[in-house]
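Chemist: Below is one structure. I have some questions about it.
Readers should treat all values here as calculations from the given coordinates under stated rules, not as data from a laboratory. Worth saying up front: this structure is predicted, and the values here are computed from it rather than measured. Backbone-built Cβ (ideal geometry, glycine too); neighbour counts: all protein chains shown.
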Amino acid sequence: MAAVARKDLAAIAGMFTPDAWVQDPVVGRVQGRDQVVEMYRGMFAGAQVHLELKRFYDRGASGGAQEFELVLRDSQGEETRVDGVDLFEFEDGLISSIRAYLDTLAPSIRQS
């Protein structure tokens with residue numbers, strides 16, 4: 001997910017299968033590579049984004065899990081920090097699905 005940290009939409013598109021999907025508690029389900037890229041484009045356009053990738057738990061060629069901290073800063077300077085885990089499924093070396101889980105009990109979704 002370093003391409004996300006770099007905000008590199010072309011690289012992001014190249015990571016996904018054509019029929020990939022993302023399930024996120026904030027944006028819901030996004031189906032298809034083009035729509036997934038548009039989801040990231042919208043996230044990047046709406047705020048300054050800083051993504052810190054933490055541990056990756058490898059399940060081999062079929063998937064894995066990535067811990068992350070996402071910091072979003074809006075145009076007024078308000079920060080929202082989100083801790084979470086993305087669960088990945090892979091097909092032929094590409095991402096076929098991501099399920100995002102956010103730590104809302106910590107509370108890790110917090111305004112600074």
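Chemist: Run lengths n ≥ 4 of DSSP H only: what is the helix-derived mean residue ellipticity at 222 nm for the chain, with -39500 (n - 2.57) per run over all residues, to the nearest 500?
Modeler: Estimated from H runs of four or more residues: -6000 deg cm²/dmol.
Chemist: Output the direction-averaged projected area (hull surface divided by four) of the convex hull of the alpha-carbon atoms of the chain, in nm².
Modeler: With the hull built on Cα positions only, its mean projection is 6.7 nm².
Chemist: Would you calculate the separation in nanometres between label points at ASP8 and GLU78, each defined as 7 Å from the Cα along the Cα-to-beta-carbon direction?
Modeler: Going from the ASP8 label point to the GLU78 one covers 3.3 nm.
Chemist: Still on this structure: In whole angstrom, how far apart do the alpha carbon centroids of segment 53-76 and segment 3-47 sit?
Modeler: 13
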